[in-house]
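Q: To start, I am sharing the structure in question, which I have written as structure tokens.
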Amino acid sequence: MTDSSHIPVIRIALVGDYSPEITAHQAIPLALDDAAAVNDVLAQYEWLATDALHHDEQLAEFDAIWVVPGSPYRSEAGAIRAVRYARENAVPFLGTCGGFQHAIVEYARNVLGREDATHGETASEGWTVIAPLACSLVEAQDTIELRQGTAIARAYGKAEISEKYHCNYGVSPLFSEQLTHQPLKVTGWDEQGEIRAVELTTHPFFVATLFQHERHALEGRPSPLVQAFVRVAAR
């Protein structure tokens, strides 16, 4: 029998407004449990509602932060706070769907200095960095090309993947031009060249995807990116 007292424990904040009806929320605990088993650690995760997240101290006890799907959140400020805390404090970060979108908004505001950066789902004025997609990706599946030598490419071990989405918003074309010479790099594109993944190259692990790779767990399959996220958090 394995002595569980010697298994490393990592604490992961799941930032988002939990709903049992959201498919990704059903999948996330399964994906984390699988990733923890693969990495020989125990993953303890806690759901943090965005409208209950008011202070950085609430995040300080966690080894990693995942801003999960479910946008629009009850509090945009809470989601942005979680992204910023992870980015500024080198805490392993994963963002999927809404988490991806709010990682873009946070970067535009707090790194590029554009306080007017907005999410088109919740604001009609300002500099829209997250805009409606030309074609809806609700319950869609698509092929994504990955940039070689990146964290996401290393996690998957291949240059092309196929993943599922549940969203209507993505990166605005106007903002995508701003990322050409930024540490926040585009690391995944669909077949039309639209941005589907980004990562911060100056960070130990800061990866965000518009697609919901965690859904693999509902089919009994591992999520390579969740495994990589847990692996870095356990270091």
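All of the numbers you see were taken from the coordinates with simple rules; none came from a lab. Values in this document were obtained by computation on a predicted structure and should not be read as measured data. Don't worry about glycine lacking a Cβ; one is built from the backbone with ideal geometry, like all the others, and counts go over all protein chains shown.
Q: Would you mind counting up the charge near Arg154? Only other residues with Cβ under 13 Å from its Cβ, with Lys and Arg at +1 and Asp and Glu at -1.
A: Overall, the nearby charge balance is +2.
Q: Roughly how many debye, to the nearest 20, is the charge dipole of segment 50-97 about its Cα centre, given +1 on each Lys and Arg Cβ, -1 on each Asp and Glu Cβ, and no other charges?
A: So the dipole magnitude of segment 50-97 works out to roughly 200 debye.
Q: Separation between the Leu218 and Thr23 pseudo-spin-labels, each 7 Å from Cα along Cα→Cβ, expressed in nm?
A: Using points 7 Å along Cα→Cβ, the separation is 0.4 nm.
Q: Could you put Thr96, Thr187, Thr201 in order, starting from the residue whose Cβ has the fewest other Cβ atoms within 10 Å?
A: Least to most surrounded, the residues fall as Thr201, Thr187, Thr96.
Q: Which helices pass in the chain if a helix is a full DSSP H run, must span at least 20 angstrom along its long axis by Cα, and must have mean Kyte-Doolittle hydropathy not below -1.0?
A: Result, helices passing both filters: 23-38.
Q: Given H placed on each backbone N at 1.01 Å, which residues far from Arg114 in sequence or on other chains put an amide H within less than 5 Å of it?
A: Arg109
Q: Neighbouring Cβ atoms within 10 Å as the yardstick, rank Cys167, Cys135, Cys97 fewest first.
A: Cys135, Cys167, Cys97
Q: Taking every DSSP beta bridge with both residues inside segment 4-233, roughly what % is antiparallel (nearest 5)?
A: 50 percent
Q: Could you tell me which of Ser176, Ala155, Gly193 has its Cα farthest along the dipole of segment 107-235 towards the positive end, charges placed at Cβ (Lys, Arg +1; Asp, Glu -1), taken about the Cα centre?
A: Ala155
Q: Then there is this: Find how much the distance from Thr202 to Ser136 grows on full extension, using 0.36 nm per residue of separation minus their present alpha carbon separation; answer in nm with one decimal.
A: Extending this stretch completely gives an extra 20.5 nm.
Q: When Lys and Arg each count +1 and Asp and Glu each count -1, what net charge do the other residues less than 14 Å away from Thr23, Cβ to Cβ, add up to?
A: Result for the local shell: -3.
Q: Still on this structure, please answer the following. Treating only the Cβ of Lys, Arg, Asp and Glu as charged (+1, +1, -1, -1), what charge dipole size does segment 4-233 show about its Cα centre? Round to the nearest 20 debye.
A: Dipole of segment 4-233, to the nearest 20 debye: 480 debye.
Q: Same structure, new question: Mind checking which of Ile10, Pro20, Ser136 is farthest towards the positive end of segment 4-233's charge dipole, using Cβ charges of +1 (Lys, Arg) and -1 (Asp, Glu) about the Cα centre?
A: Going by the charge dipole, the pick is Ile10.
Q: Right, another one. If each DSSP helix of 4+ residues adds -39,500 (n - 2.57) and the sum is divided by the residues in the chain, what number results at 222 nm, nearest 500 deg cm²/dmol?
A: Taking each H run of at least 4 residues, the total per residue is -8000 deg cm²/dmol.
Q: Can you bin segment 40-172 into rounded, prolate or oblate? Criterion: square roots of the alpha carbon gyration tensor eigenvalues sorted a ≥ b ≥ c, rounded for a/c under 1.5, prolate for a/b above b/c, oblate for the rest.
A: Oblate is the answer for segment 40-172, as a/c is 1.5 or above yet b/c matches or exceeds a/b.
Q: A further question follows. Fewest to most neighbouring Cβ within 10 Å: what's the order for Val129, Val186?
A: By the 10 Å Cβ count, ascending, the order reads Val186, Val129.
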